[in-house]
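Have a look at the structure below before the remarks.
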Amino acid sequence: MQVVESVEIPLSLLLPPARPLRSAMREDKLRELAESMALVGQKQPVQVIRRGDLYEVVIGHRRLLAARRLGWVSLRAEVVEGDERAVLLARIHENAKRDDLSPLERALEAREALKAAGDNIEEAALMLGVSVATVDAWLQVLTWPKDIQLALDEGKISRGVARWLARIADDGDRAHHAKYAVEDGCTEFKARFWFHEWEKSRALAMVGGGPPPLTRAGLPPKEPTWSCYLCLDELSLANLYTVKVCQHCAPQIAANRPEGRSNDPNVGLIG
């Protein structure tokens, strides 16, 4: 984009970005910016593009919001010219400098880059300065249910947990599991276990009729279990120890299992 003039523009003539790449403005960050601007003034001009008699902010949306919060009447601005693709690229490059974008905001940014690239994911990756696999992972977030997107965006669950919970197709069952994931904490291993348990319960429900018994009874999701390497009893993972053994020692340990237990050295191993 090309800067054609630098002017002072009344806030009443400034429009927010038509397609913001941020899902929401963090209150703490916005407050910090407003306090900084109140103390030292406007350090950098915003960049805007003409929209008839008004101006749409291309770069500097947070500065606009902070100025309005402070009751300012105008902002220093650079008026730029360029097509819609150039405008989008400028905003993407500006956001790429930031490290506080949430997973959903990264996903929205990837979607806009993909549009600007004519659905060419390789070109979109070049725009964003990341790998194709990263762009694909960001875009995957947009396919997940809204409740999972929100929990992820608010930092209540990790991306790995969100990925498995999103695969629970029933809204009620997914909300049931997500509630415990948020309130009690959840690892990706546990979320994967929950998903497979849900799949099994759904299959049983389809055979016998009625909803899966776990959700119907309002019980918490089952805790992941694994068989002890020695006695092969099924125990909660919280009650198991991790012991590293080599391929030579594992068969010897397995051979000394209690009588009647499997002597297969692979039985009971996680992974």
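Tell me which of 30, 55, 1 sits at the most positive position along the dipole axis of the chain, charges placed on C-beta atoms (Lys, Arg +1; Asp, Glu -1). Selected residue: 30.
For a quick check, take a GNM of the chain with Cα springs below 10 Å and name the residue from 72, 194, 164 with the largest mean-square fluctuation. It is 72. From its DSSP helices (H runs of at least four residues, each -39,500 (n - 2.57)), the chain gives a residue-normalised ellipticity at 222 nm of -14500 deg cm²/dmol. Taking amide H as placed 1.01 Å from N in the peptide plane, the amide H of residue 75 sits under 5 Å from that of 9, 11, each at least 5 places away or on another chain. Simple point charges give the picture: +1 on the Cβ of Lys and Arg, -1 on the Cβ of Asp and Glu, and for the chain a dipole about the Cα centre of about 300 debye. Taken along its three principal axes, the alpha carbon spread of the range 224-271 comes to 27, 24, 14 Å, from the longest extent down to the shortest. The residues 180, 229, when put in order of fewest to most other Cβ atoms within 10 Å, stand as 180, 229.
Cβ crowding within 10 Å, taken as a proxy for footprinting-reagent exposure, orders 248, 196, 176 from fewest neighbours to most as 248, 196, 176.
Across the range 178-193, coupling constants 3J(HN,Hα) worked out from phi with the 6.51/-1.76/1.60 Karplus curve, θ = phi - 60°, read 5, 4, 6, 5, 6, 6, 10, x, 7, 8, 5, 4, 5, 4, 5, 4 Hz, and Gly and Pro carry x. The share of Cα pairs per 10 Å bin across the range 144-217, counted from zero up to the longest distance, runs 21, 54, 22, 3 percent. Computed from the Cα positions only, the extents of the range 102-143 along the three principal axes stand at 21, 17, 15 Å, in decreasing order. Distance distribution P(r), the chain, all Cα-Cα pairs, bin width 5 angstrom from 0: 1, 5, 10, 11, 11, 10, 10, 9, 8, 7, 5, 5, 3, 2, 2, 1, 0, 0 percent.
Couplings 3J(HN,Hα) of the range 163-169, computed from phi: 4, 7, 5, 5, 7, 6, 6 Hz, in residue order, whole Hz [Karplus 6.51 cos²θ - 1.76 cosθ + 1.60, θ = phi - 60°; x for Gly and Pro]. Shown here are the Rg and Dmax of the Cα trace of the range 2-100, at 13.0, 36 Å. Using a Förster radius of 22 Å, what is the FRET efficiency between residue 142 and residue 29 based on their Cβ-Cβ separation? Nearest 0.05, please. For residue 142 and residue 29, the calculated efficiency is 0.40. For the chain, modelled as a GNM whose springs connect Cα atoms under 10 angstrom apart, the maximal fluctuation among 34, 124, 166 occurs at 34. Listed by chain and number, the lysines whose C-alpha is less than 29 Å from the C-alpha of residue 222, apart from same-chain residues fewer than 8 away, are 146, 156, 179, 190, 200, 244.
Taking amide hydrogens as placed 1.01 Å from N in the peptide plane, the amide H of residue 15 sits under 5 Å from those of 55, 56, 57, each at least 5 positions away in sequence or on another chain. Report the relative contact order of the chain, percent, no decimals, based on alpha-carbon pairs under 8 angstrom and at least 6 residues apart. Relative contact order of the chain: 12 percent. By the beta-carbon count within 10 Å of each Cβ, the least crowded to most crowded order of 159, 174, fewest first, is 159, 174.
Read-outs throughout are calculated quantities, based only on the coordinates presented, and are distinct from any laboratory measurement. All values derive from a computational prediction rather than experimental measurement. No Cβ is skipped: glycine too gets one built from the backbone with ideal geometry, and neighbour counts run over all protein chains shown.
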